[in-house]
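Report on the structure given below.
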Number of protein chains: 2
Amino acid sequence: MSGILHVLLHMAEHDGPVTSEVLAKAMSTNPVVIRRIMAGLREQGYVRSEKGRGGGWSIARRLADITLRDIYAAIGSPPLLAMANRSDNPACLVERAVNGALGKAFDDAEALLLARFEEVTLADLSADFHAGMNKAGMNKKDTVSLESVHGS
Amino acid sequence: MSGILHVLLHMAEHDGPVTSEVLAKAMSTNPVVIRRIMAGLREQGYVRSEKGRGGGWSIARRLADITLRDIYAAIGSPPLLAMANRSDNPACLVERAVNGALGKAFDDAEALLLARFEEVTLADLSADFHAGMNKAGMNKKDTVSLESVHGS
DNA sequence: TAAAATGTAATATGTAACATTACATGATAC
DNA sequence: GTATCATGTAATGTTACATATTACATTTTA
């Protein structure tokens, strides 16, 4: 997820489509991996792809209209918590007691995370980014190309 | 963690030491796995082991004096969240913005979980278990042996 | 038509969690 | 004192899963 947000923000900073190859270099992964992830986001309408020369990926909505929760859902709502609250043997009363206590705590933590995700849009992240850029003494002339930040 | 709590409660219900072999069957795993985990808990003083005939594992403290957080710490405080908030390239301002937003949410969720862990003792879980047993119409005569609940 | 890009299936690789084997050590019963 | 039962632990094997790669088809534009 962190990686996907990373890529999306880079796309937002870039005029025109960005190729899978360039995005892959920024995340130090393979272009095919990018295409697979983006294909899912495209189906939900968050990004768009263009083939052929001059093609690539671009964002299909306004940044303020995409929340972190949207992205989370778009990538299939993967598990947020590491310790699976397994209920191997629901007939075992000991296990039921354990599941009851842990389950509530885990559910609450998950709900907290999702609520936070809902509060934050890509526009917020973009604003944070630009604030950081000002703080670093850069201005708009300093091209924020993927290459300049992530190396060739 | 859920598995360890499971084993500890079973030990608590059992008079006298329980062997690794029996515990392993209850968790459908290998006795050596049990020994490795329990060895860690023993170093922290939560359980004790006895060798030789009639030996096995037993709980070394009162249940009310062991919180879920104690157990969590005793097993090495493994990661609670599934999505690692990776900071591959802290020089990248985009990544910093993403880490900032996600990191806060993750930290808060983690803190919530730990706080909950601290509130619950093994005695609480044991009480839940006995409550469930009453509800199921059992009484103390119904032996709560590992075998009866988990199969041979 | 050549080159550049995505689309996607099939396969490979890395790796972390878990399981197993094998053998050593200590404790108890007879 | 020896046979048996139990833990202690190192070394190794297995599985599952996420990620990466290859290969080739398709679409688009110059």
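The values are calculated or read from the model by the stated rules, or taken from the named source; none is laboratory data. Not measured: the values here are computed from a predicted model. Here the Cβ positions follow ideal geometry from the backbone for every residue, glycine too, while neighbour counts run over all protein chains shown. Accessible surface is based on the protein model in full, side chains and every heavy atom, while ligands, DNA and RNA are left aside. Shrake-Rupley method; radii C 1.70, N 1.55, O 1.52, S 1.80 Å.
Quick look at the numbers
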read-out: Interface burial for A against B (accessible surface, 1.4 Å probe, total of both chains, Å², rounded to 100); value: 3800
read-out: Region B:2-126 - percent relative contact order, Cα under 8 Å, separation 6 or more; value: 25
read-out: 222 nm mean residue ellipticity, helices alone, for chain B (DSSP H n ≥ 4; -39,500 (n - 2.57); rounded to 500); value: -17500 deg cm²/dmol
read-out: Å² per residue, accessible surface of chain B at 1.4 Å; value: 53
read-out: Nm distances between copies for A:Ala115, ranked from closest, using label points 7 Å along Cα→Cβ; value: 1.1
read-out: Crossing angle, helix A:122-135 versus chain A [Cα axis fit, 0-90 degrees, rounded to tens]; value: 60
read-out: Exam field: A:Gly132 pseudo-label spacings to other copies (7 Å along Cα-Cβ), nanometres; value: 4.5
read-out: Two-decimal Rg to Rh for chain B - Kirkwood Rh, Cα set; value: 1.10
read-out: Helix axis angle, B:31-43 relative to chain B longest principal axis, alpha carbon, degrees; value: 70
read-out: Lysine pair count for the protein assembly as shown [Cα-Cα under 28 Å; pairs on different chains or 8 or more apart]; value: 13
read-out: Signed unit charges on C-beta, dipole axis of region A:2-143, positive-most listed residue A:Val32, A:Cys92, A:Ala131; value: A:Val32
read-out: Using alpha-carbon coordinates, inclination of helix A:93-119 to the longest axis of chain A, degrees; value: 20
